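Let me begin by presenting the structure, written as structure tokens, before commenting on it.
No lab work stands behind these numbers, since they all come straight from the coordinates. Predicted, not measured: the structure shown is a model, and the values here were computed from it. Cβ placement follows ideal geometry from the backbone for every residue including glycine, while neighbour counts extend to all protein chains displayed.
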Amino acid sequence: MKDLYHIDPTLDIPIYRQLADSVRSAVKSGKMPVGTRLPTVRELADMLQIAQGTVKRAYDRLEQDGLIQKTQGRGTFVSYSPSPVTSRKDRALAAIDSALREMEDMGFSLSEINIFLNLKLRELASLQDNIKIAIVECNREILDQLQQQLCKLERIDLYTTLLSEAQAYPYPLSEDMDIIVTTQTHSEELETLVQDSRKVAKIALRLSSKSVKQIVKLEPGEKAGILCVSERFGSLIRQACLSFTDNVTLSEPAVLSDNLLLEKFLADKTALLLPDGYERYCSNDAMWQLQKFARTGKLIPCHYKIDEGSFMYLEEKIDRLIEQKSI
């Protein structure tokens with residue numbers, strides 16, 4: 001039951017809003033059908049170890065949005081039930097009402113709200129038919145590499161989210177995105193996090209042929225090291241190296257950071273495997289050490305690519321959504 005009221009105090013998002021969004025997502029996804037009784041303010045505050053005032057504020061917001069109803073002497077119940085006869089106009093006005101209430105809660109005046117709305121309308125006009133795509137992965141390296149590949153597609157707005165962030169706060173992902181791109185490894189979990197599992201697009205990755213060609217050239221007896229930003233990426237590169245080489249001495253992956261004593265790590269290595277675009281993750285000192293190593297050793301940037309079939313599948317999915325939005 002507690003899973004339906006998920007909050008994370010470490011996020012830079014007000015707790016009452018996290019709680020309201022969590023309940024809203026559960027209600028609209030059917031996990032809390034109409035008539036479901038919610039805990040009392042005190043019960044939920046005790047369960048989540050937060051102030052009763054925070055729970056009350058979240059409940060007030062949900063009641064204003066027509067999702068729950070408080071009945072004196074009986075309790076608080078889910079009152080929202082999807083209605084196929086609700087007009088697009090009614091849904092649009094309800095969404096605007098919700099946004100206006102939230103901006104008022106943030107302390108903005110009506111004139112300021114008017115300025116912000118006009119600004120967003122101009123932005124929307126310039127991106128009218130764009131498809132919102134989120135890339136979700138568990139490690140920063142592949143997330144960045146996928147972003148570089150997909151940003152070449154036209155008529156899309158691209159967002160990147162680490163899996164840990166999606167797990168902590170899935171609501172924006174579920175509500176705001178048209179397509180959620182992830183690998184087979186994480187697809188099942190994401191399908192349970194978002195309201196519409198059809199948004200999740202599973203892709204297959206492969207190590208680029210250029211990276212593979214450099215790895216297979218490592219000779220028996222060479223001592224290779226792996227530098228990474230995330231342990232997961234380091235593990236993937238290690239597995240690839242073990243698959244494509246024979247009798248290469250391979251050290252455990254080391255996480256690249258300002259505190260890593262690179263000079264000592266590189267001292268006995270003849271080759272170094274690291275993420276393509278590693279420059280963005282390096283301090284000035286680390287870059288100097290790597291440039292020095294490259295004078296005598298081998299630097300092998302490792303790059304993962306979306307396979308051709310997956311890329312075609314994504315392009316077709318985007319084209320269908322654009323066509324639907326233009327109708």
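Could you give each residue of region 130-143 its phi-based ³J(HN,Hα) in whole Hz, using Karplus coefficients 6.51, -1.76, 1.60 with θ = phi - 60°, and x for Gly or Pro?
5, 9, 8, 10, 10, 9, 10, 8, 8, 9, 5, 5, 5, 4
Where the centroid of each part is defined by its Cα atoms, how far is region 1-25 from region 284-305 in Å?
Computed from Cα coordinates, the inter-centre distance equals 43 Å.
Take every DSSP beta bridge with both residues inside the chain and express the antiparallel ones as a percent of the total, to the nearest 5.
Percentage antiparallel, nearest 5: 25.
Compute the Rg/Rh shape ratio of the chain: radius of gyration over Kirkwood radius, all on alpha-carbon atoms.
1.06
Is any residue of region 203-237 close enough, with backbone N under 15 Å, to a label point placed 7 angstrom from the Cα of Gln184 along the Cα-Cβ axis, and if so, which?
The answer is 203-207.
Quick one: of Lys70/Lys120; Lys31/Lys305; Lys210/Lys264; Lys28/Lys305, which pairs are farther than 31 Å apart, Cα to Cα?
Lys70/Lys120; Lys31/Lys305; Lys28/Lys305
Using the basic label-point model (7 angstrom from Cα toward the beta carbon), what is the Thr192 to Gln291 distance in nanometres?
Between Thr192 and Gln291, the label points sit 4.9 nm apart.
Can you give the angle from 0 to 90° between the axis of helix 15-28 and the longest principal axis of the chain, with both taken from C-alpha atoms, to the nearest 10?
Relative to the chain, helix 15-28 is tipped by roughly 80 degrees.
Where the only charges are on Cβ atoms (+1 Lys, Arg; -1 Asp, Glu), what is the dipole of region 209-302 about its Cα centre, to the nearest 20 debye?
260 debye
Go ahead and estimate [θ] at 222 nm for the chain from helices alone: -39,500 (n - 2.57) per DSSP H run with n ≥ 4, summed, over the residue count, rounded to 500.
My calculation for the chain gives -15000 deg cm²/dmol from helical runs alone.
How high is the relative contact order of the chain, in percent, counting Cα pairs under 8 Å that sit 6 or more residues apart?
Relative contact order for the chain comes out at 13 percent.
How many nm is it between the label spots at Leu11 and Ser29, if each spot is 7 Å from the Cα in line with the beta carbon?
If labels sit at Leu11 and Ser29, their model points lie 1.2 nm apart.
How far is helix 284-294 tilted off the main Cα axis of the chain, in degrees rounded to 10, range 0 to 90?
For helix 284-294, the angle is close to 40 degrees.
What shape does region 166-264 take by its C-alpha gyration tensor, where a ≥ b ≥ c are the square roots of the eigenvalues and a/c under 1.5 counts as rounded, a/b above b/c as prolate, and the rest as oblate?
prolate
Net charge near Phe108: determine it from the other residues with C-beta under 14 Å of the C-beta of Phe108, scoring Lys and Arg +1 and Asp and Glu -1.
-2
With the crude spin-label approximation of a point 7 Å out along Cα→Cβ, what separation in nm comes out for Glu308 versus Asp60?
Going from the Glu308 label point to the Asp60 one covers 6.0 nm.
Which of Phe265, Phe233 has the fewest other C-beta atoms within 10 Å, and how do the rest follow up to the most?
The fewest-first ordering by Cβ neighbours comes to Phe265, Phe233.
Tell me which of Ala20, Gly73, Gly30 sits at the most positive position along the dipole axis of region 2-82, charges placed on C-beta atoms (Lys, Arg +1; Asp, Glu -1).
Among Ala20, Gly73, Gly30, the one farthest towards the positive end of the dipole of region 2-82 is Gly73.
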